[in-house]
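Presented below is the structure to which this report refers.
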Amino acid sequence: SYAVKCLEQMSLNDTEDFLMQLVQALKVEINHHSPLALFLLTQALNNRVQIGHSFFLMLKAEMHIPEIRSRFALYLKCYLRGAG
């Protein structure tokens with residue numbers, strides 16, 4: 001939670017620069033519903049062009065890994081429902 005509070009202070013450009021590492025960090029989160037996941041989904045939905053498109057592609061690129069497929073599929077579903 002503390003780390004996400006720090007991430008919330010970053011500019012949108014900085015968030016975009018670290019997006020790949022943040023998506024990779026989702027792999028090792030204990031729960032699907034984590035502060036990091038909520039932060040990334042919110043950023044992706046609020047900034048669909050700058051963050052959302054890349055977020056979608058990064059999740060899709062990892063779908064071949066069986067251990068994280070269900071988690072990333074859930075995040076994709078949430079993103080697509082929110083994006084309309």
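The values are calculated or read from the model by the stated rules, or taken from the named source; none is laboratory data. Computed from a prediction, not measured in an experiment: that's the story for all the values here. Cβ placement follows ideal geometry from the backbone for every residue including glycine, while neighbour counts extend to all protein chains displayed. For the accessible areas, the whole protein counts, side chains as well, though only heavy atoms, and no ligand, DNA or RNA atoms are used. Shrake-Rupley method; radii C 1.70, N 1.55, O 1.52, S 1.80 Å.
The set of residues from the stretch 26-44 being part of a helix (DSSP H, G or I) and of a type in the set (A, V, I, L, M, F, W, C) comprises L26, V28, L36, A37, L38, F39, L40, L41, A44.
Only residues that are in contact (Cβ under 8 Å) with a residue 40 or more places away in the chain and under 21 Å from A83 (Cα atoms) were counted in the stretch 6-43, giving 3.
In the condition set (1) open to solvent by less than 90 Å² (accessible area, probe 1.4 Å); (2) of a type in the set (A, V, I, L, M, F, W, C); (3) closer than 19 Å to R71 by Cβ, I30 is compliant with all but (1).
Here F72 meets each of (1) in contact (Cβ under 8 Å) with a residue 12 or more places away in the chain; (2) open to solvent by 30 Å² or more (accessible area, probe 1.4 Å) with one exception, condition (2). Residues in the stretch 33-50 that are of a type in the set (A, V, I, L, M) and within 20 Å of P66 (Cα to Cα): 1 in all. Selection over the stretch 45-72 of residues that are assigned to a helix (DSSP H, G or I) and over 22 Å from T15 (Cα atoms) gives a count of 5.
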